[in-house]
Structure formats: C-alpha cells, structure tokens
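The values are calculated or read from the model by the stated rules, or taken from the named source; none is laboratory data. The structure displayed is predicted, hence computed values, not measured ones. Using ideal geometry, Cβ is built from the backbone for each residue, glycine included, and neighbour counts are taken over all protein chains shown. Areas reflect the complete protein model, heavy atoms only, side chains present, ligands, DNA and RNA absent. Shrake-Rupley method; radii C 1.70, N 1.55, O 1.52, S 1.80 Å.
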Amino acid sequence: VQSLVVTADSATVAVRVHNHSDVAMTFGEFDLSLRLGTNAPIALAARDTIDVTPHSAEVITLSLDRTRIPADV
C-alpha cells in the first residue's frame, strides 16, 4: 500500500505494483483484501489492465466503501 486517504465522504487506497522481472508484465485484474487493525478485511478488486516495464512499478488507485472504514482511521 502506497497510501490510504480517508475523508468524511470517501476513501481510496493506492497500491504500488512492482515488476522485479527482466521482462515487461501485464496485469489484467487485482483481487486484494485490506485489514485495518483488528477489523474485518475489506475486499478490493480492479479490472484495469496495466503494463509494468522491467524493474519498475506502477500505482493503481482503488475506491473503498467508506462505511467499511473504522471511525478511528
């Protein structure tokens, strides 16, 4: 996780996808879960295709359901 931004109305998480390989990689979907403290995990999914060149990284930004974020975050 590169960043988590929570406001009164919305929440987003930026995830950095690293490619440590010597060849380019294409990612077509992401299925992740995020656990904040001891709370239940929040499912995250993206169906965006990204290309990551060798030895570099790209960042994807995902929206979170604000109601699933604990009030103390």
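Within region 1-16, being touching a residue at least 40 places away in the same chain (Cβ under 8 Å), touching a strand residue (DSSP E or B) at 6+ places or on another chain (Cβ under 9 Å) and assigned to a loop (DSSP other than H, G, I, E, B) holds for Q2, S10. Among the residues of region 57-66, the ones that are of a type in the set (D, E, K, R) and either outside any loop (DSSP other than H, G, I, E, B) or open to solvent by less than 60 Å² (accessible area, probe 1.4 Å) (or both) come to 2 in all. Among residues of region 17-73 being touching a strand residue (DSSP E or B) at 6+ places or on another chain (Cβ under 7 Å) and basic (K, R), the one that is farthest from S3 (Cα to Cα) is R68.
Per-residue answers, yes or no, for (1) at pLDDT below 90; (2) within 13 Å of the chain's Cα centre (by Cα):
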site: H20; (1), (2): no, no
site: M25; (1), (2): no, no
site: R35; (1), (2): yes, yes
site: T38; (1), (2): yes, no
site: L44; (1), (2): yes, yes
site: D48; (1), (2): yes, yes
site: D51; (1), (2): no, no
site: P54; (1), (2): no, no
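Looking at region 17-25, can you tell me whether even one residue there is in a strand (DSSP E or B) and open to solvent by 80 Å² or more (accessible area, probe 1.4 Å)? Scanning region 17-25 turns up at least one residue that is in a strand (DSSP E or B) and open to solvent by 80 Å² or more (accessible area, probe 1.4 Å). Taken over region 26-56, the residue count meeting the criterion of being farther than 21 Å from P70 by Cβ, open to solvent by 60 Å² or more (accessible area, probe 1.4 Å) and assigned to a loop (DSSP other than H, G, I, E, B) is 6.
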